[in-house]
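A.B. asks: One structure is given below, represented as C-alpha cells, and several questions about it will come after.
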Amino acid sequence: QVQLVESGGGLVHAGVSLRLSCLASGRTFSTYALGWFRQAPGHEREVVARIIWSGGTYYADSVKERFTISGDTTKNTVTLQMNSLKPEDTAVYYCAAVLRFSFNLHAASTYDYWGQGTQVTVSS
C-alpha cells in the first residue's frame, strides 16, 4: 500500500505561483512513477506532469514552460511548482502513484494509488 497526501492548493490571482506537494508513505520504494493530474468540473481527469524515479519527466502541452515537477526520494515527496497560473488551471489536483512500468503513463487508469486532491482556484 502507498498513501499519498497533497498539500499547497489555494485561491490565487492569475499570474502568481503555487507550489503543490505530495507526501508518499508506505511502500514508496515500490513505486515506478508519480504523477500530478487535475480535474475541472465537467471535465475528465487529465495528466499535468509525471516523473519516473529512474529518470524522465513529462508535461502536458498546456503547462509546459510554466510547471515543473520534481521528486525527492529521501523525503518521499513530489512537488509541482506552478508559475504564471491561468484561470484555466483551476481544478482539483491529484497526486498519483504507479507501481510498474507502463507505456501509458498519461492515463489516469494506469495509476494504482491516489491522494485525496487539493483545490487550486485561479481568478482572473
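The values are calculated or read from the model by the stated rules, or taken from the named source; none is laboratory data. Quantities reported herein were computed from a predicted structural model and do not represent experimental measurements. Note that we place each Cβ from the backbone using ideal geometry, even for glycine, and neighbour counts take in every protein chain shown. In case anyone asks, the SASA skips ligands and DNA or RNA and just uses the protein heavy atoms, side chains included. Shrake-Rupley method; radii C 1.70, N 1.55, O 1.52, S 1.80 Å.
A.B. asks: Pick from 21, 70, 54: which is most flexible by mean-square fluctuation in a GNM of the chain where alpha carbon atoms under 10 Å apart are linked?
C.D. replies: Looking only at 21, 70, 54, the biggest GNM fluctuation is shown by 54.
A.B. asks: Under a 1.4 Å probe, what is the accessible area of the range 28-101 per residue, stated in Å²?
C.D. replies: Details: 3630 Å² over 74 residues.
On a per-residue basis, the range 28-101 sits at 49 Å².
A.B. asks: Which longest uninterrupted range of the chain lacks any GluC sites (Glu not before Pro) assigned by DSSP to a loop state (not H, G, I, E or B) and surrounded by at most 10 other Cβ atoms within 10 Å? Walk me through the intermediate numbers first.
C.D. replies: On the way: sites that count: 44, 65.
Result for the longest clean stretch: 66-124.
A.B. asks: Sticking with this structure for a sec: Quick check: at a probe of 1.4 Å, how many percent of the accessible area of the range 12-75 sits on carbon and sulfur atoms? Could you put the intermediate results ahead of the total?
C.D. replies: Working: 1820 of 3580 Å².
That share works out to 51 percent.
A.B. asks: Would you mind getting the Kirkwood hydrodynamic radius of the chain from its Cα pairs, rounded to one decimal in Å? Before the final figure, lay out the partial values.
C.D. replies: Values: mean 1/r = 0.0701 Å⁻¹.
Every distinct Cα pair counted, the radius reaches 14.3 Å.
A.B. asks: Considering only C-alpha atoms, what is the centroid distance from the range 1-28 to the range 44-122, in Å?
C.D. replies: 10
A.B. asks: May I ask you to list the chymotrypsin sites (Phe, Trp or Tyr not before Pro) in the range 80-124 that are in a DSSP loop and have at most 14 other Cβ atoms within 10 Å of their Cβ?
C.D. replies: Details: sites: 93, 94, 101, 103, 111, 113, 114; in loops: 101, 103, 111.
Those that pass, being in a loop and sparsely packed, are 101, 103.
A.B. asks: Stick to the Cα atoms of the range 79-124, pair each with every other, and give me the Kirkwood hydrodynamic radius in Å at one decimal.
C.D. replies: Working: mean 1/r = 0.0809 Å⁻¹.
About 12.4 Å, per the Kirkwood formula over Cα pairs.
A.B. asks: For the chain, modelled as a GNM with alpha-carbon contacts under 10 angstrom, which of 24, 107, 33 fluctuates the most?
C.D. replies: Maximum among the listed residues: 107.
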